[in-house]
Structure formats: structure tokens, C-alpha cells
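One structure is given here, and the rest of the page talks about it.
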Amino acid sequence: MSISEMAVLLDDAAVDATAIPQLTLSHELDVDGAYAVQEALIARRLDRGQRLVGVKMGLTSRAKMAQVGVHEVIWGRLTDAMAVPDGGELSLDGFIHPRVEPEIAFLLGENGIAAVAPALEIIDSRYADFQFTHPDVVADNTSGAAFVIGAWQPMPAGVDNLGVLLEVDGKVVQAGSTAAILGDPRRALTEGRALTARHGLALEPGWVFLAGAATAAVPLTPGAHVRAVVETIGTASLKVSR
Amino acid sequence: MSIGKETLGEAVRLLREAQETRTPCAPLRERLLPAGDVASAYAVQRAMTEQAVAAGRRIVGAKIGLTNPAVQRQLGVDQPDFGVLFADMAAFDGAEVDVTRILQPKVEAEVAFVLGRDLPYEQVTVADVVRATDHLLPAIEIVGSRIANWDISIVDTVADNASSAMFVLGNRPVALPDVDLRLCGMVLEHEGEPVSVGAGAACLGNPLHAVAWLAQTMAAAGTPLRAGDVILSGALGPMVPVTPGAVYEARISGLGSVRTRFSGLAG
């Protein structure tokens with residue numbers, strides 16, 4: 001199966017909200033090939049009029065690596081169609097088995113980080129049972145599905161150990177720290193620049209950079225009010241439709 | 001339902017022997033302590049404390065355990081537990097700890113409260129705790145278990161002084177208003193790698209809640225918290241098994257840092 005055929009499979013799975021078997025179960029696919037599939041997958045969405053607005057890092061924490069069994073930092077692309085306004089409503093109709101995790105986002109400037117914000121990322125593997133290998137998850141745009149960015153704040157002196165809570169219906173369901181993100185989320189940006197450059201993508205000013213999850217992900221359920229709280233930075237929230 | 005004097009004495013003997021011979025013993029539940037008989041487990045703990053005090057050990061405060069809902073669920077309980085802190089359990093910041101002294105050691109990062117006033121009330125509000133707190137310190141608690149393989153139930157850990165072993169306090173006192181105890185980030189690092197992360201809310205929603213629980217529990221038991229007491233309020237993240245020879249540094253946002261260094265197995 002060609003790169004573009006794999007991209008069509010994954011794109012259709014996302015559009016139809018229907019899980020597919022892992023590509024690597026029946027096809028040869030290495031990590032470089034998987035990034036080519038991801039690029040082709042996103043190119044289809046850009047052809048449909050979506051805009052590239054940033055990148056997201058994945059598997060930047062030990063907890064996350066343990067949860068999915070892949071032990072290397074990965075990255076995916078963000079398009080404008082994935083953005084949900086802060087406090088906005090999200091229907092689960094377009095998702096397969098969505099999970100949410102609290103993150104920290106950087107706004108990229110001409111020279112480094114222009115601002116920082118709390119964020120929620122919704123991940124939704126297009127593979128059955130949320131099971132995948134390293135090339136599978138890379139091809140699937142690192143499970144990226146949607147994201148919420150809270151209000152942008154000036155970058156504080158340090159962001160290496162800010163407490164992060166994930167609340168569902170007012171109850172704390174995960175408590176962590178930005179230290180979970182490679183020890184300091186700024187390292188995720190350094191890694192992100194290097195990794196994207198390796199595949200011919202240069203990060204652009206004005207883009208959003210999702211640095212990675214500060215806690216494990218939890219399933220999204222109908223009617224849930226979900227909020228990320230980041231020490232000194234603020235909140236990002238969404239309401240899931242019933 | 002409560003255990004007899006002989007059974008209590010046997011439980012005390014087994015726990016002491018485990019520590020002295022540095023050989024963990026089988027769980028006490030069922031064979032000595034009825035499952036869920038927490039009152040009898042505290043009676044064992046109290047007997048051991050009385051022996052320790054009689055031997056000249058000085059009580060300096062208390063530790064709160066089982067402050068994380070997930071850990072409570074694991075042990076089938078819906079409230080925390082506590083143990084007694086003795087002065088000889090304290091190690092200095094960064095000083096070497098003899099790893100062979102502690103049975104099955106693990107480390108966790110916590111907020112330590114140092115009280116400036118007594119808390120003698122059986123009904124305690126957060127405001128009482130705020131008023132009684134003189135200052136906070138970052139802390140590493142080194143827990144250990146006299147029970148083989150950490151195979152503990154609630155009665156095992158309560159009898160075993162809440163699986164306590166040692167503790168390390170940071171050196172820079174911080175005032176309560178200068179820390180966001182709910183949102184403060186915590187990272188425990190080993191050789192620069194985060195091995196445990198969390199936040200203040202992981203401890204009963206807020207470490208202040210844990211101290212309020214302890215204050216009323218101790219007052220009800222007739223041994224209220226006193227000015228000068230050090231309280232280890234509960235872990236802010238998962239506990240981590242100790243690697244001999246390792247250094248662990250805990251950083252808590254707004255509270256600074258504290259470290260502990262373990263000897264190799266050879267001592």
C-alpha cells in the first residue's frame with residue numbers, strides 16, 4: 001500500500017469516526033514513512049480548505065510513554081478545524097474514543113516564545129482499542145483530534161514546575177506538574193524544532209505549540225465539563241454536548 | 001471487636017523484630033489483626049510509641065498517609081491514616097542515609113507544616129489550621145514497610161506506624177500565604193529525570209485539609225497537636241522505590257527544594 005493510500009485510510013477513519021486496524025499489522029511502515037503518511041494526511045485536509053496553525057508534541061512524559069508503550073517523543077500537526085474556543089462546546093459525534101489531557105501551549109513569536117497558555121488536548125486514536133505501534137501513531141497525526149487554548153499570558157521566568165490539574169465536573173481527576181513534560185516544557189520546544197526540521201517543516205511565528213501532556217489522559221464523556229488549571233497561568237475549559 | 005493483650009503484644013514483637021533483624025515479616029491481618037479493625041491497629045501503634053518514648057525517643061510530630069483517593073481505593077478505605085514522627089527519624093537536607101537501615105525504602109515529596117500554636121479541637125476548620133501554622137518546609141518522606149513486599153492492608157500499615165521510616169526537611173521556612181497549596185507543582189527528580197510529579201491538590205484536595213483531619217483525629221484520641229509539631233501532610237505524587245546510591249531532589253513550587261542521598265548497599 002502506498003503512502004497516499006495509507007493517508008486516505010486514516011483520513012476516512014477520522015472523517016467517518018470509525019476505527020481501523022493498525023497499519024503495521026498488514027503493511028511495512030517505518031517511522032520516516034509514517035511521517036510521510038502524516039504529511040499526506042494533513043495535505044488532504046489543507047486541500048479541503050483547512051489551515052496549518054501549529055504543531056503538537058506527544059509522549060513527552062514517562063506516564064504517557066508507559067500508558068501507550070512507545071518510548072520516543074513524537075509530533076503531529078494542528079489545523080484550524082481542530083481548534084475549539086475556550087469554554088466552548090464540543091460534540092463527541094465526530095470522535096471514536098476521545099480522551100482529554102491538560103497541557104501547556106506556547107505562542108511562537110519572531111524570537112522564541114511570545115506567550116504561554118493553559119490548554120486541553122483531545123486525542124482520539126483512529127486505531128481500534130487505542131492500540132498502536134510507534135509508526136502507527138505517527139502516521140495517525142499522533143492521535144491529534146482537537147484542542148482548546150486558554151487566555152494567552154506573558155511568559156513567566158520559569159515554567160518548569162507549575163502545578164497542573166485536570167478537573168471533570170469540578171472534581172480533580174488528575175494532578176501533575178509541567179515538570180512531567182521532559183522536565184521543562186521549554187525542552188519540548190527545542191525538541192520540536194529539531195524533530196520537525198528533520199522532516200522539512202519549520203515552525204512559524206504565530207503558530208501554536210502544544211508542548212505535551214502534564215498528566216495521563218482521561219476518557220471524554222457526554223455532558224462533562226472539563227477544565228485544565230495551570231498554576232499562575234490560568235484555565236482552559238470545554239463542555240461536552242449531551 | 002478488639003484484640004486481646006497477648007495478640008497486641010505479639011503484633012508489637014513481630015514488627016520490632018522485623019526492624020531489628022532487618023527482615024520484613026508476613027502481614028499481620030487475619031492472623032493477628034482482624035481485617036478492617038483499624039482501632040486495634042492503632043492500639044498496636046500506640047503500644048510501640050509508648051515503648052519508644054520509654055526508651056528515650058523524642059516525639060516531634062506526625063505524618064499523614066493515604067491522602068490520595070486512588071491509594072485509599074487500593075486499600076479499601078475512605079480516610080487517611082497517621083503515624084508518629086520521632087526526632088531520630090530526621091535526616092539533614094542532602095545528608096547520606098544508610099539505605100540498609102530502612103526496610104523496602106521508597107521516597108515521596110510532601111509539604112511539611114510546622115505549628116506555632118496548639119490545635120486541641122475535636123472540630124477543626126481550615127481557618128484553625130491556617131492560624132496555627134507557623135511556617136511550611138518542603139519535605140521528602142522516606143517510607144518503609146516492616147511487612148514483606150509492601151503487601152499491606154489498612155490494619156498492617158496503621159500498626160506499622162503508617163509505614164514511616166525517616167524524613168528530610170528543607171531549610172528555608174516559607175509563610176503560608178506565599179504558597180498556593182492547591183496548585184503548587186511538585187517534581188521529584190533522580191539524576192535530573194522526573195520520577196514522580198504531582199500537585200498540591202493530590203493530597204486530599206489540599207494539604208490544609210489533611211492537617212485539619214489530623215488535628216481533629218489526634219484531639220479525639222487525647223493526643224492533640226501542639227505548637228512546635230512537624231506535620232508531614234501527605235504525598236503530592238506517587239511514591240518511588242529507592243535505588244541504593246541514588247540522590248533524590250524534591251522541588252515544590254513556591255516552597256523550594258530538598259534532597260536526600262542514599263548509601264550504596266555496602267553502606
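The values are calculated or read from the model by the stated rules, or taken from the named source; none is laboratory data. Source: prediction; values computed, not measured. Please note: Cβ atoms are built from the backbone with ideal geometry, for glycine as well, and neighbour counts cover all protein chains shown.
Data for the structure
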read-out	value
Qualifying residue in region A:148-164 (condition: part of a strand (DSSP E or B), modelled with pLDDT of 95 or more and within 14 Å of chain B (Cβ to nearest Cβ))	yes
Residue match in region A:111-122 (condition: over 20 Å from A:Arg186 (Cα atoms) and surrounded by 19 or more Cβ atoms within 10 Å (Cβ to Cβ))	yes
Members of region B:138-175 that are touching a helix residue (DSSP H, G or I) at 6+ places or on another chain (Cβ under 6 Å) and either more than 19 Å from B:Ile102 (Cα to Cα) or modelled with pLDDT under 95 (or both)	B:Ile154, B:Val155
Search result, residues across region A:113-147 that are in a strand (DSSP E or B) and out of contact with any helix residue (DSSP H, G or I) (no Cβ under 8 Å at 6 or more places or on another chain)	A:Ala114, A:Ala115, A:Val116, A:Ala117, A:Pro118, A:Ala119, A:Leu120, A:Glu121, A:Ile122
Residue within region A:167-175 that is at pLDDT below 95 and away from chain B (no Cβ under 14 Å) present	no
Residue satisfying condition, being part of a loop (DSSP other than H, G, I, E, B) and either among the polar types (S, T, N, Q) or free of Cβ contacts under 8 Å to residues at least 40 places away in the same chain (or both), within set B:Gln45, B:Gln74, B:Gln123	B:Gln123
Region A:214-225 - residue that is modelled with pLDDT of 95 or more and either within 24 Å of A:Asp160 (Cα to Cα) or touching a Gly at 6+ places or on another chain (Cβ under 9 Å) (or both) and, of those, surrounded by the most Cβ atoms within 10 Å (Cβ to Cβ)	A:Val218
The lone exception for B:Thr243 - which of (1) more than 12 Å from chain A (Cβ to nearest Cβ); (2) at pLDDT 95 or above; (3) over 27 Å from B:Ile102 (Cα atoms); (4) in a loop (DSSP other than H, G, I, E, B) it fails	(3)
Residues (buried (at least 20 other Cβ atoms within 10 Å of the Cβ), farther than 22 Å from A:Pro185 by Cβ and either out of contact with any Asp or Glu (no Cβ under 6 Å at 6 or more places or on another chain) or free of Cβ contacts under 8 Å to residues at least 12 places away in the same chain (or both)) located in region A:38-58	A:Gln38, A:Ile42, A:Arg45
Search result, residues across region A:96-152 that are of a type in the set (Ser, Thr, Tyr) and out of contact with any Asp or Glu (no Cβ under 8 Å at 6 or more places or on another chain)	A:Thr133, A:Thr142
Identity of the residue in region B:198-226, assigned to a strand (DSSP E or B) and within 14 Å of chain A (Cβ to nearest Cβ), that ends up farthest from A:Ser61 (Cα to Cα)	B:Ala199
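The rows are residues; the columns are (1) touching a helix residue (DSSP H, G or I) at 6+ places or on another chain (Cβ under 9 Å); (2) assigned to a loop (DSSP other than H, G, I, E, B); (3) within 10 Å of another protein chain (Cβ to nearest Cβ).
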site	(1), (2), (3)
B:Ser196	no, no, yes
B:Glu249	no, no, no
B:Thr260	no, no, no
B:Leu265	yes, yes, no
